[in-house]
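Below is one structure, written out as structure tokens; comments come after it.
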Amino acid sequence: MSAHVKIKGLTITYRDDDGNEMVAVREATIQLARGETLGVVGESGSGKSTLARALLAHTRPGARFAAGTVHLGGTDVLALKDAALRRYRGGRAAMVPQNPLSSLTPHMTIGAQLEELVRLHTDLTGKTVREHALSLMERTGLPEPEMLAKRYPHEISGGQRQRVVIAAALVSKPELIVLDEPTTALDKTVEAKVLQMVADVQKELGATLIYVSHDLNVIRALCSRIVVMKDGIVIEQGDADRVFRAPKNEYTKSLIKAIPQIDVEGPFPPEANSCDQLLVKDLRFFYHRPSGWPFLRPAETRPTLDGLSFSLKKGETLGLVGESGSGKSTVASLIAGAVSGHQGLITLDGDTISGAAKKRSRGMRRRIQMVFQDPLSSLNPAHTIEEILVRPLRHHFGLTPSAARDKAVEALRDMELGPEFLSRRPRQLSGGQQQRVGFARALAAEPDLLICDEVTSALDVTIQSNMLALFLRIQRERAMTCIFISHDLAVIARVSHRIAVLEKGQLREIGDRDTVLHHPASDYTRRLLAAASCHVPDGNQAAGFPRSLSA
Amino acid sequence: MTVEALSPMAAPVAAPIARNRPLRRALASPLTMIGLVLVVFHLFLALFAPLIAPYSISAILTDGLTPPSADYWLGTDQIGRDYLSRLMSGGRVALLVALTGVSGSIVIGTLFGLVAGYVGGWLDDVIMRLTDALMAIPELLLIAILVLTFGKEIWSLSLIVGIVYTPGVIRVVRAKTITIAALDFVRAAELRGEWLSFILMREITPNLLGLLAVEFAIRCSSAILKISALSFLGLGISQPTPDWGLMVQEAMSVVFTDPWFLILPAITLSSLIIGINFAVDGLARAYGVTGTETDL
């Protein structure tokens, strides 16, 4: 078996702000046969994207290839220059980047962009250019290519954009396709379809595929070989089955253990005879589109929330799951008071909640707390952690500065952070630590209801796993009532007592965790579950996903 | 990293604080260093020129134009005053006017920009349309009208600089405020029920400081140039106060016989402007202030 892709002793370094030479990738050696699929996994900052870019002889600004070689089918990739390099990129090797919106030009239609690439990378001329572009769009499963070709990137959905970018990568039938986290920004059901499409296309072209992801489920579904990276070092590589079944490296083991799975044990049940704490009845909400004219009433659009009713017992966690645009975050914003103007009834312990936070009583504001999705954006970068924690304590309880400081230390300790964090600023913390501070701030107010809006989606898997464990402990210790919002069923399965499924502003299903997960009543829930479990590593690959073609 | 560190309940240990020394990084760049030295030099001159200058700025020492000599290093001007002494003091008034005027525009502009960007709605519309209206008037025409209205005193020139520069500051601050107001920490403060003043001054403003510092410096350099241009046109600083713009204008009549009377004030003026711009460039890059959208 001759190697198609051969990376030998590749070291990539970059200069940090102080001018020190740092290593991004250290002596990576990888070999792949033609038609194999390689998954590169690792957490953020592990060097996996840097390694993938090296296959196109590309580095981020400031980085350089310090040592080693990259060969594709006998060509020394790193030695390519100018015209030869341009022909190589997009010709023999193609890359699908992570963010499809930023990799498409906003001022050109989809069709025009694809046609430009066809002209650049093939000998086609005249009408055939357009035909080829349209056939690529059809190949990547885009509906009505003729219509879609006339649209601009912002006029199509995220899933469609990613298909367009993949179509662009296929223009010249490349022998190597590098995909860098192409589905991270997509909903699970969309992701499953895009992955299926990628697998089909790869099989058809017989191309070698390198897939970079932090999501082990995706890698497992798609790839025959795996490379695990940490701190720029390839710490384990081998056959996908072998790595998943019998990982040799301790870090790989912990990664695999941290994979969110639906078949997990649920949280500790709440007290049996607790009473209803939160009641939501017939909740409706419209976003208003500004009319553009002064004094003219803004136009109402399609309802974001359409007649939602549910209740929540004390000490219970309700998992709210749905895809982007389902209205799950709007529910959180309405209950927390970040947006106002709903119809219907929301009560907490019998007190009616209405209007924006500003209009509510001070006590009510304290009783409902929220933890946000993006930990960095939820902490003021200009403040120290002490200021961030002390202010709410003084605001809600009227504490003296020193008493508030003591309570802040306590709140940090509760989140397993030491008092030395008080003097830090948010940017000096890791993502997981930032989110702990976010939790500490919310919990310091001693809320009756805690709303967690996608609190783990910005975190790496092992950190996410720690975060969820911490959440479960706190929830149980304090018998707190929580609404936990996520697009990820596996996360929801781990923390929720009950699960509500939201689609297009309507409640598709609500019920006990086990009932919803194992005996779903609605088609939509079944689709969500199928999308989530097509990656679940139960030993068998989902039908339709290719194994190594050369094996 | 060991497995223990990754086990679910392991407490994260505070990593050592990343040393972030933007100032040292800025000073490592020669251009920034040159800029800072020039700025410090000019500030020193502006403060102490009367003390270190060889002669008084208004003393008439000779009969008229004389070339450089041992007594008068740069010669004397048309009415016999020591040119070096006048050159040393030539930036004082312009600097003073620029500093006070721009400070005022930064304070007022920040207030309006914060309110427009954060509160939004009709208040935003009113503030921004007024801003647009002011910016629609050609700058030199606006200045000329204001000078004719308020006169050419130091205080009135400062006021005029303030009026001319405020709209730009409002725009920049408003744009940045809108970005910051969309972040979740502002949401958290709102959900807590904080006062408007707290959210504007304590949550948003600290994140504007880098931007404002850059704005301040860039607008100062622009204001100094504008004031010199005004003096050149006879709308700004007038005799007997020494001013580079005025000195260039005076030298116009002797430009072919004694060109250094024109070249010297031009060089001193440029060195101050270039100094400010180099210093701002380097500091802004080092402190990560980008996209100031300064429309100068």
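Numbers for the structure displayed
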| quantity | calculated |
| --- | --- |
| Qualifying residue in the stretch A:480-501 (condition: over 14 Å from A:S378 (Cβ atoms), within 11 Å of chain B (Cβ to nearest Cβ) and surrounded by 22 or more Cβ atoms within 10 Å (Cβ to Cβ)) | no |
| Strands (runs of 3 or more DSSP E) contained in the stretch A:1-107 and holding at least 3 residues touching a helix residue (DSSP H, G or I) at 6+ places or on another chain (Cβ under 8 Å) and more than 22 Å from A:Q162 (Cβ to Cβ) | A:5-15, A:21-32, A:63-72 |
| Residue selected from the stretch B:166-206 under the condition among the polar types (S, T, N, Q) and out of contact with any Leu (no Cβ under 9 Å at 6 or more places or on another chain), by the criterion surrounded by the most Cβ atoms within 10 Å (Cβ to Cβ) | B:T179 |
| Flag if A:S378 is within 12 Å of another protein chain (Cβ to nearest Cβ), touching a residue at least 40 places away in the same chain (Cβ under 8 Å) and on the phi < 0 side of the Ramachandran plot | yes |
| Residue within the stretch A:222-231 that is in contact with a strand residue (DSSP E or B) (Cβ under 8 Å, 6 or more places away or on another chain), more than 14 Å from chain B (Cβ to nearest Cβ) and assigned to a helix (DSSP H, G or I) present | yes |
| When residues of the stretch B:177-225 are limited to those that are more than 30 Å from A:R362 (Cα to Cα) and within 14 Å of chain A (Cβ to nearest Cβ), the one modelled with the highest pLDDT | B:L212 |
| One residue from A:L468, A:L502 being at pLDDT 90 or above, in contact with a helix residue (DSSP H, G or I) (Cβ under 7 Å, 6 or more places away or on another chain) and assigned to a helix (DSSP H, G or I) | A:L468 |
| First in the stretch A:124-139 and among the small types (G, A, S) and part of a helix (DSSP H, G or I), second anywhere and modelled with pLDDT of 90 or more and surrounded by fewer than 14 Cβ atoms within 10 Å (Cβ to Cβ), Cβ under 8 Å, 6 or more apart | none |
| Search result, residues across the stretch B:143-175 that are under 19 Å from B:D125 (Cβ atoms) and either aliphatic (A, V, I, L, M) or within 14 Å of chain A (Cβ to nearest Cβ) (or both) | B:V169, B:I170, B:V172, B:V173, B:A175 |
| Filter result (farther than 17 Å from A:S378 by Cα, within 8 Å of chain B (Cβ to nearest Cβ) and free of Cβ contacts under 8 Å to residues at least 24 places away in the same chain) within the stretch A:416-429 | A:L417, A:G418, A:E420 |
| Selection count, the stretch A:388-415, where residues are at the interface with chain B (Cβ under 10 Å from one of its Cβ atoms), crowded, with 17+ Cβ neighbours inside 10 Å and among the charged types (D, E, K, R) | 1 |
| Residues located in the stretch A:191-228, provided they are among the β-branched types (V, I, T) and either surrounded by 22 or more Cβ atoms within 10 Å (Cβ to Cβ) or within 16 Å of the chain's Cα centre (by Cα) (or both) | A:V194, A:V198, A:T208, A:I210, A:V212, A:V218, A:I219, A:I226, A:V227, A:V228 |
| Residue list for the stretch B:58-92, filter: under 13 Å from B:M247 (Cα atoms) and either in a loop (DSSP other than H, G, I, E, B) or in contact with a Ser or Thr (Cβ under 8 Å, 6 or more places away or on another chain) (or both) | B:T76, B:D77, B:Q78, B:I79, B:R81, B:D82, B:Y83, B:S85, B:L87, B:G90, B:G91 |
| Any hit, the stretch A:439-452, residues being free of Cβ contacts under 8 Å to residues at least 60 places away in the same chain, buried (at least 17 other Cβ atoms within 10 Å of the Cβ), over 22 Å from the mean Cα position of the chain (by Cα) and farther than 23 Å from A:I492 by Cα | yes |
| Residues located in the stretch A:509-520, provided they are part of a strand (DSSP E or B) and either crowded, with 20+ Cβ neighbours inside 10 Å or in contact (Cβ under 8 Å) with a residue 24 or more places away in the chain (or both) | A:E509, A:I510 |
| Residue match in the stretch B:272-289 (condition: under 20 Å from B:M33 (Cβ atoms) and either among the aromatic types (F, W, Y) or without any contact (Cβ under 8 Å) to a residue 24 or more places away in the chain (or both)) | yes |
| Residue check for B:T110: of a type outside the set (D, E, K, R), in contact with a Ser or Thr (Cβ under 6 Å, 6 or more places away or on another chain), surrounded by 17 or more Cβ atoms within 10 Å (Cβ to Cβ) and assigned to a helix (DSSP H, G or I) | no |
| Flag for A:L179 being in a loop (DSSP other than H, G, I, E, B) and buried (at least 20 other Cβ atoms within 10 Å of the Cβ) | no |
| Among residues of the stretch A:165-181, those that are under 11 Å from A:L209 (Cβ atoms) and not hydrophobic (A, V, I, L, M, F, W, C), counted | 2 |
| Qualifying residue in the stretch B:70-77 (condition: of a type in the set (D, E, K, R), farther than 27 Å from B:E215 by Cα and in contact (Cβ under 8 Å) with a residue 40 or more places away in the chain) | yes |
| Enumeration of residues in the stretch A:365-375 that are surrounded by fewer than 24 Cβ atoms within 10 Å (Cβ to Cβ) and more than 9 Å from chain B (Cβ to nearest Cβ) | A:R367 |
| Test for A:A246: is it among the aliphatic types (A, V, I, L, M), in contact (Cβ under 8 Å) with a residue 24 or more places away in the chain and over 24 Å from A:T11 (Cα atoms) | no |
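The values are calculated or read from the model by the stated rules, or taken from the named source; none is laboratory data. No experiment lies behind these values; they were computed from the predicted model shown. Counting neighbours? That spans all protein chains shown, and the Cβs are built from the backbone with ideal geometry, glycine included.
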